[in-house]
Amino acid sequence: MTFIDESKPYIQYAQDVISGKITAPKYIILACYRMLDWFNRNDIYFDYKDVERKIVFISKLKHSTGKFAGQHFHLLPYQSWMIANIFGWKWTKNDYRVIKKALLFMSRKSGKTAFAAAVALAHTLVDNEPSAEVEIVANSRHQAGIAMEHIQNFANSVDPRGKVFKRYRGYMRVPYSKSLIQVLSSDATGNDGYNSS
């Protein structure tokens with residue numbers, strides 16, 4: 001059983017959805033119930049430190065386009081809630097993440113690409129996973145390239161001299177951890193050899 005820290009925006013978001021203070025569709029409401037119910041389980045625990053590291057890292061990134069250009073990435077409560085649900089739950093027996101796959105639906109013009117780029121960077125750098133692989137796949141290589149451009153711009157905002165991130169066309173490396181972020185074409189799903197983190 002894990003303590004529920006109600007001061008955290010992602011916990012407050014779940015409580016506000018359940019109470020009806022925030023209007024949400026059925027599956028978000030159910031996911032909020034699940035999140036709060038999981039605090040009562042003994043086989044898993046919520047890793048506040050891991051979630052906070054990712055949120056703090058993302059808050060240091062700066063937008064490079066649009067009306068938020070030059071401003072730090074400010075996560076909205078629902079975005080921090082998504083990060084908390086994906087990265088926060090760990091198995092007690094081995095500290096592995098409970099959530100291995102997540103499917104996120106977001107409306108047009110809600111910052112999907114920027115959010116995905118920030119999460120990709122946070123996972124690659126903050127998780128400290130040796131040889132982490134993050135693949136960017138979209139309907140077209142052009143769309144995936146837009147996400148990679150966001151990733152590289154975010155990386156440049158925290159590492160302008162390229163000491164941590166080595167940027168190339170279509171991919172980026174973190175040499176000290178031998179990690180990789182790359183763009184794949186839509187037909188790459190039939191290929192073997194990828195070890196996505």
Check your understanding: What whole-number value in Å² describes the accessible area per residue of the chain for a 1.4 Å probe?
Key -> 60 Å²
Check your understanding: Among rounded, prolate and oblate, which fits the range 26-145 when a ≥ b ≥ c are the square roots of the eigenvalues of its C-alpha gyration tensor, a/c under 1.5 means rounded, and a/b larger than b/c means prolate?
Key -> prolate
**Study point:** Relative contact order for the chain, counting Cα pairs under 8 Å that sit 6 or more residues apart, in percent
**Key:** 18 percent
Check your understanding: Can you list the HN-Hα couplings for the range 82-91, worked out from phi with the Karplus curve (6.51, -1.76, 1.60; θ = phi - 60°), rounded to whole Hz and with x for Gly and Pro?
Key -> 5, 4, 4, 5, 6, 9, x, 7, 10, 6
Exercise for review: List the trypsin sites (Lys or Arg not before Pro) within the range 67-156 that fall in a DSSP loop (any state other than H, G, I, E or B) and whose Cβ has at most 12 other Cβ atoms within 10 Å.
Suggested key: Lys93, Lys100, Lys101, Arg108, Lys109
Study note, to complete from the structure: Checking the range 5-83 for chymotrypsin sites (Phe, Trp or Tyr not before Pro) in a loop per DSSP with at most 12 other beta-carbon atoms within 10 Å yields none
Point to revise | Cα-based shape type of the range 3-94, given that a ≥ b ≥ c are square roots of the gyration tensor eigenvalues and the cut on a/c is 1.5 | key: oblate
**Study point:** Around Arg97: net Lys/Arg minus Asp/Glu count, Cβ-Cβ under 10 Å
**Key:** -2
Study note, to complete from the structure: Output for the range 83-146: chymotrypsin sites (Phe, Trp or Tyr not before Pro) sitting in coil per DSSP, at most 16 other Cβ within 10 Å, listed by number, reads Tyr96, Phe105
**Study point:** Violating pairs (Cα-Cα greater than 29 angstrom) within the set Lys49/Lys109; Lys26/Lys93; Lys93/Lys178; Lys112/Lys178; Lys8/Lys62; Lys26/Lys67
**Key:** Lys49/Lys109; Lys26/Lys93; Lys26/Lys67
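The values are calculated or read from the model by the stated rules, or taken from the named source; none is laboratory data. Computed from a predicted structure; not experimentally measured. Glycine gets a Cβ as well: all are built from the backbone with ideal geometry, and neighbour counts include every protein chain shown. All accessible areas refer to the heavy atoms of the entire protein, side chains included, with ligands and DNA or RNA removed. Shrake-Rupley method; radii C 1.70, N 1.55, O 1.52, S 1.80 Å.
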